Structures are given as structure tokens and as C-alpha cells.
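I have placed the structure first, in the form of C-alpha cells, so that the comments after it can refer back to it.
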Amino acid sequence: MFHNNIAFTGTTIINDNNPAANKTNNSWTKSGVTVSSADFQSTDATQMDNTRHSDGTLPTITFMHLASGSDLAGLGCF
């Protein structure tokens with residue numbers, strides 16, 4: 001089952017024979033949705049190596065956070 005996914009690069013699905021009910025609300029199944037680096041505040045994965053804050057919480061990053069106005073709003077975990 002594929003629900004609420006975003007495909008950013010590469011081949012989405014080849015030879016998919018899943019019923020339509022098993023693949024909903026995905027970037028490749030919703031009409032009018034496109035995905036590009038402009039949809040994200042940053043695609044710099046090196047941010048994930050940033051050190052934690054002094055209190056132990058995760059660093060503040062913008063990696064793969066949606067940009068304002070992205071048509072991906074409501075897909076994935078966003």
C-alpha cells in the first residue's frame with residue numbers, strides 16, 4: 001500500500017499493478033502535483049549531521065521542510 005508519499009527523484013514505480021485503492025494521496029497519484037527542489041526550503045542532507053542543542057534536543061534544520069506555497073502541502077507527513 002502506498003498512501004501519503006512524496007517521490008522527489010528517481011523512478012516512482014515501475015510496473016505497478018496495485019489497485020487504485022491501495023495508492024492514494026501520493027505525489028504521483030494526485031492531479032496537478034509536481035515535485036522539484038523548489039518545493040523544499042533545503043535539500044542539503046548535510047544538515048542532518050548538525051550537532052544537537054546544548055539541552056540535547058535535535059538541531060534546527062530546514063532539510064526537506066516544505067517551502068511556502070508548495071503544492072505538496074497535505075501529502076506525506078506535512
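The values are calculated or read from the model by the stated rules, or taken from the named source; none is laboratory data. Note that this is a predicted model, so its numbers are computed, not measured. So basically every Cβ, Gly included, is an ideal-geometry build from the backbone, and we count neighbours across all protein chains shown. What goes into the accessible areas is simple: the full protein's heavy atoms, side chains included, and nothing from ligands, DNA or RNA. Shrake-Rupley method; radii C 1.70, N 1.55, O 1.52, S 1.80 Å.
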(message) Projecting each Cα onto the charge dipole of the chain (Lys/Arg +1, Asp/Glu -1 at the beta carbon, about the Cα centre), which of F63, F40, T24 comes out farthest on the positive side?
(response) T24
(message) Need the full-extension length gain, S37 to T51, defined as separation in residues times 0.36 nm minus the C-alpha distance. One decimal, nm.
(response) 2.6 nm
(request) Before anything else, pin down the relative contact order of the chain: Cα pairs under 8 Å, at least 6 apart, normalised by residue count, whole percent. (result) 34 percent
(request) Can you work out the PRE-style zone for D16? Point 7 Å along Cα to Cβ, and I want the residues of the stretch 47-78 with backbone N under 11 Å. (result) none
(message) In 5 Å bins starting at zero, report the fraction of Cα pairs in the chain per bin as a rounded %.
(response) 3, 13, 20, 20, 15, 12, 9, 5, 2, 1
(request) Would you please give the residues with an amide H less than 5 Å from that of F2, counting only those at least 5 places away or on a separate chain, with H modeled from the backbone geometry? (result) K23, T24
(request) With a 1.4 Å probe and every protein chain kept in, tell me what percent of the accessible surface of the chain is carbon plus sulfur. (result) 51 percent
(message) For the chain, what does the accessible surface come to per residue with a 1.4 Å probe? Please give it in Å².
(response) 69 Å²
